[in-house]
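Here the structure comes first, spelled out in structure tokens, and everything after it is commentary.
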Amino acid sequence: MPPSIHPVDLITALRQKHLTPAIVFLTSRRACDEAMETFDHADLVLPPARQEAIAVALERITVQHPSIAEHPLIPLVRRIGIAAHHAGHLPSWKIAIEELMRQGHLDAVFATTTLAAGVDFPARTVVITQSSIRKSRDFTDLTIGEVQQIAGRAGRRGKDHVGFAIVTPSPYIDLAVLTKGLTGQPEAINSQFTISYPMVLNLLKAHPHEQIQGILAKSFAQFQLNQRAELLEQKLDALHVQMEPFGPRVCTDWITQWHTFDHARRHRHMRHQTHRSESPEISARLPFLTPGRVVGLGRGRGIVLRQYRSKGQKNSMLTVLRPDSAVTECPVTGVKEVYDRTYDCAETPTYPWCSTDTFDRLSHQLEELPSHVPVLPILVSLGIEPLPDAIVQSLGDFPCPTCPSRPACQKDFATASRLRQEQQRHTKSIQALRTSLWHRFQERVEVLQQFGYLTPATQLTIDGEWARLIRIDHSLLITELIRAEAFTGADPSLLAGVLASLAHDDDRPGAFPRISPGLSSLLGQVRKLAESLSPYEDPPLLRADVAALVERWVADPTLTWIGLCRLTTMAEGDIYRLLARTLEFLSQVQTLKVTHPGLAESASQAITLIRRGVLEELP
Amino acid sequence: MRDTAVSRFARVPPVSLFAMTTDELETLLAQQPVALLHRLARGRVHRHFRAGKRRLIELLLQHSSQNRAGLESDLQTLIGERHSQSESGSSSVHHLPAITPKKASPRGTEPESAETAISLSGWLEGLGVPSPQPFVPDSWQNEALSALNETDVVISVPTGSGKTYVAVEAARRAMEDNRTVIYTSPLKALSNTKYTEFSRIFGPDTVGILTGDRQENGQAPLLIMTTEILRNLLYDAASGEIDVRLDTLGLVILDESQYLADPERGVVWEETIIFCPSQARLLLLSASIGNPQDIADWLTSIRSTVCRLVRHSKRTVPLRAGYLHPNGKLTPLFRTLGIPYGHPTHLHPETKRLFLEYEEETLPSGRPRR
């Protein structure tokens, strides 16, 4: 069995069941083009009358959009009545296909899912071949809304009694995604509010700083944040009710009181236990085993360098200096005798735990040590070791041990403290939800102040006044470039080239080998600046090939569209979109007529130069 | 006795069957053997095997209120099948079902599919072009238009329900009052399509289009632009560089408003709505979304009037889902004729079988994904 149905068989099957016209949604542009190629040798030829109708309709469209006149796909479309429609095509060609479909001349269109959102042309049937869609490099499952958007193209009002959505499998299809999509409720939509630099500048231009919080509060983002905050407030109210039995007792804030008391108690308890693990003889010795003390070990004698207790070690440990300057570790239990002799020892926090001088001196003194040294008499107390003073002190401070409500506190503490923690957490999140937009705004304000677009009093500076007119992506980078005078004296083609590399956000590869030295050095400057701005703004892709392509198009007015397309591997539609996006950016720069007349003039020249040929056809 | 036998086995033409009254259906059900009723009840009535014949008929009738056509067509299939079986059965001495070769009929190999699920022919029925009828606006369209006289309106309806009609009528009414109308779409391509379409409807002089670097007919009362352009206009107006036309602005139509949730551009819709002049009505057109009420509530909270939500989920042209196997076999995707909303697992048994087969053959590990 083939992994997916052959396009020719698919169309044959649809025609047989009278399910045409149909839109066949395929995974990629390439899949659409390949599907079209399979018809090259298939003998699915339309009757002459219909071929003629397509030709007539196309001619009528050509009057408006001359660029499709010589389109290489025309003969095939005419012969089979099927076309491909995707972002790789020129807008005028897409318009032609849409028009043919609307007039009912086509039996099927192979399209990518972008069509579902972008264009309005219905058919009797849609064919779905995939359950995921490519979104910025990764494939993600179609959402319910997307599936319904796709299926929604099926069934033309007034032309069909019913519409059909037909699933045909291809590898990696997940049928459950599609059935869920067809039968489910579309997802709720969420605000994607972001605060951009031009937004801050424009808001501050029109409104005083203290009004901004009120304006931000009008956003759908804040509306949804408030919804969440209200939910939390409800929870908070519920918690409040639950907290009622745990109100003030003998002390007002008994939860904290008990918490500290309990902590102190536990703390004491734990200390007590570690001491207990050592025999009274050993613990009695510990205070004497200080650095510089001479001790007798199983074999020979040594001088204590440090006493420590490490995790996982049951016993207290000693680091001992042995004869021949050896440094060894041994448990306190290994000490046979504690002698009545100590030497001065300058301690250090790292190996060998004393200063080099001391170390040399101690090694010397150890060798000089007389054979008999008196043993230190150590009194062993067999009673319970008294608590360290600090703890006794603090436990004594607590009224709890004798308090009448002690049993109640002890019993309720776990629940009450959990409830109170939840309360505190909710209160904090509510506060964050209510103020987060404002904080994000303030962050942007600070950056703009740092760069000198805003005064410390949040007034627009001279630079801020014109910078607010640049309302596109990477606006900070563009305004910084203008301030750095990167474009001064640059001719329209260079300006267009750089703006194209900023505007283009597609990572589909294209190739253009030659790049002019002027453009490449300017791009290098832009890249350096973009990197330095990266903490404040995501750097653009800055593709050199698209910059070079646009530069050529602007610099060489004799270059035809076909000639331009031959220069690169990019699809026609992508080149068109690149130029259209560049136009958008240029038109923003063009608005700086008053402050930067030279630059604005250069931009408007570039606009005129870009707008020729295919780009002249559509507004 | 003879009469009942005839009516029980008679091949009733589908048209008369589909037009049965409840009483007729009940009588017909009562005439069927209980085994057939159990087969009919499979997938329809929960724990049907515990119910007696009377109760079973009752439950089936109760269920038939949701999908009468499906029940009747299945009943018809079952009766037909029984009829053909009893014919072949009568020729043999035993009352065992006749042994038919596996490939004899596609229906026979998959008895399950015939029981509760819709057949392909039933699924394809009704396909065709309706006779031309004068255009009558749907009730929701009228509702939206009359609401727009007083308030802002949010419309959330399935794709292809006729949102454009509302936009066109609303624009026409606003222009009759000498008010400016702005229509925005998320994409330049859509703007161009709408420009052509509206020029055709209102005449080329009445419609203008604005892009970043170009204006065509910029003084026309109906202006088409992308949402970004409108946002920029509103910012310029807010900072004092007033475009005089905004004073006469009567209606702003935001098409494809579900773009509000677009990760990169959604913010533009919010800015546009926040800064939209209060004297202009807002008309938000959106595909089906999960929370249109939220959008309406939001508009109510920031605008001077109470926003009206118009929503429905019923498609104007009903939709059916099918499954086309790579070998060219077409089956309905779901057991029911229409889309079983809320029941994604109600797959057609034949489709289920074919798809499992497909997964086993194509997945490298030979193990289904879920």
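The values are calculated or read from the model by the stated rules, or taken from the named source; none is laboratory data. Keep in mind that what you see is a predicted model, and the values were worked out from it rather than measured. When we count neighbours, we look across all protein chains shown, and the Cβ atoms used for this are built from the backbone with ideal geometry, even at glycine.
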Any pair with Cβ under 8 angstrom, 6 or more apart, that starts in the range B:114-142 at a residue that is among the polar types (S, T, N, Q) and ends at one that is part of a loop (DSSP other than H, G, I, E, B):
B:Thr116/B:Arg42; B:Thr116/B:Gly43; B:Thr116/B:Arg44; B:Thr116/B:Arg335; B:Gln133/A:Gly158; B:Gln141/B:Gly162
Is there a residue being touching a residue at least 60 places away in the same chain (Cβ under 8 Å) and at the interface with another protein chain (Cβ under 9 Å from one of its Cβ atoms) anywhere in the range B:355-366?
no
Mind telling me which of the residues A:Arg50, A:Arg60 ends up being within 14 Å of another protein chain (Cβ to nearest Cβ), basic (Lys, Arg) and farther than 23 Å from A:Ala151 by Cα?
A:Arg60
Condition first: in contact with a strand residue (DSSP E or B) (Cβ under 7 Å, 6 or more places away or on another chain), modelled with pLDDT of 85 or more, surrounded by 24 or more Cβ atoms within 10 Å (Cβ to Cβ) and within 9 Å of another protein chain (Cβ to nearest Cβ). Can you find one or more residues in the range A:154-162 that meet it?
yes
Here is a list of conditions, (1) of a type in the set (D, E, K, R); (2) assigned to a strand (DSSP E or B); (3) within 7 Å of chain B (Cβ to nearest Cβ), and A:Arg134 meets all of them except one; can you say which number that is?
(3)
The conditions are (1) in contact (Cβ under 8 Å) with a residue 40 or more places away in the chain; (2) in a loop (DSSP other than H, G, I, E, B), and A:Ala548 fails exactly one of them. Which is it?
(2)
Under the condition of being at the interface with chain A (Cβ under 7 Å from one of its Cβ atoms), within 16 Å of A:Val127 (Cβ to Cβ) and in contact (Cβ under 8 Å) with a residue 12 or more places away in the chain, which residue from the range B:293-325 is nearest to the chain's Cα centre (by Cα)?
B:Leu319
Qualifying helices (runs of 4 or more DSSP H) (wholly inside the range A:163-246; at least 2 residues being surrounded by fewer than 19 Cβ atoms within 10 Å (Cβ to Cβ) and more than 9 Å from chain B (Cβ to nearest Cβ))
A:209-216, A:220-243
B:Ile201 meets each of (1) closer than 26 Å to A:Gln103 by Cβ; (2) within 34 Å of the chain's Cα centre (by Cα); (3) within 13 Å of chain A (Cβ to nearest Cβ) with one exception, condition (3)
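Here's the yes/no breakdown for (1) within 28 Å of B:Ala147 (Cα to Cα); (2) at the interface with chain A (Cβ under 7 Å from one of its Cβ atoms); (3) under 20 Å from the mean Cα position of the chain (by Cα):
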position: B:Gly240; (1), (2), (3): no, no, no
position: B:Thr248; (1), (2), (3): yes, no, no
position: B:Glu256; (1), (2), (3): yes, no, yes
position: B:Glu264; (1), (2), (3): no, no, no
position: B:Ser288; (1), (2), (3): yes, yes, yes
position: B:Asn291; (1), (2), (3): yes, yes, yes
position: B:Asn327; (1), (2), (3): no, yes, no
Please work out if B:Pro221 is away from chain A (no Cβ under 12 Å) and out of contact with any Leu (no Cβ under 6 Å at 6 or more places or on another chain).
yes
For the range A:290-306: of the residues being under 20 Å from A:Ile378 (Cα atoms) and surrounded by fewer than 19 Cβ atoms within 10 Å (Cβ to Cβ), which is modelled with the highest pLDDT?
A:Gly296
Taking helices (runs of 4 or more DSSP H) that do not extend beyond the range A:1-69, which have at least 1 residues that are in contact with a strand residue (DSSP E or B) (Cβ under 7 Å, 6 or more places away or on another chain), surrounded by fewer than 18 Cβ atoms within 10 Å (Cβ to Cβ) and assigned by TED's automatic domain parsing to the domain that holds A:Gln148?
A:29-37
Would you confirm whether or not the range B:195-210 contains a residue that is out of contact with any Lys or Arg (no Cβ under 7 Å at 6 or more places or on another chain), among the small types (Gly, Ala, Ser), assigned to a helix (DSSP H, G or I) and in the same structural domain as B:Leu230 (by TED's automatic domain parsing)?
yes
Look through A:Glu233, A:Glu187, A:Glu210 and report the one residue that is charged (D, E, K, R), at pLDDT 95 or above and on the phi < 0 side of the Ramachandran plot.
A:Glu233
Regarding the range A:575-585, can at least one residue be identified that is among the aliphatic types (A, V, I, L, M), in a helix (DSSP H, G or I) and in contact with a His (Cβ under 7 Å, 6 or more places away or on another chain)?
yes
Unmet criterion (only one of (1) within 14 Å of chain B (Cβ to nearest Cβ); (2) touching a residue at least 60 places away in the same chain (Cβ under 8 Å); (3) not in a loop (DSSP other than H, G, I, E, B)) for A:Ser604:
(2)
Test A:His263 against the criterion of being away from chain B (no Cβ under 14 Å), closer than 30 Å to A:Ser417 by Cβ, without any contact (Cβ under 8 Å) to a residue 24 or more places away in the chain and more than 35 Å from the chain's Cα centre (by Cα), and give yes or no.
yes
For the range A:522-532, check the following and say yes or no: at least one residue is polar (S, T, N, Q) and surrounded by 16 or more Cβ atoms within 10 Å (Cβ to Cβ).
no
Taking A:Ala83, is it under 30 Å from A:Thr62 (Cα atoms), without any contact (Cβ under 8 Å) to a residue 60 or more places away in the chain and more than 7 Å from every other protein chain (Cβ to nearest Cβ)?
yes
Considering residues of the range B:203-225 that are touching a helix residue (DSSP H, G or I) at 6+ places or on another chain (Cβ under 6 Å) and in contact (Cβ under 8 Å) with a residue 40 or more places away in the chain only, the residue surrounded by the most Cβ atoms within 10 Å (Cβ to Cβ):
B:Ile224
Identify all residues within the range B:168-206 that are of a type in the set (Gly, Ala, Ser) and under 20 Å from B:Gly218 (Cβ atoms); write none if there are none.
B:Ala171, B:Ala174, B:Ser185, B:Ser191, B:Ser199, B:Gly203
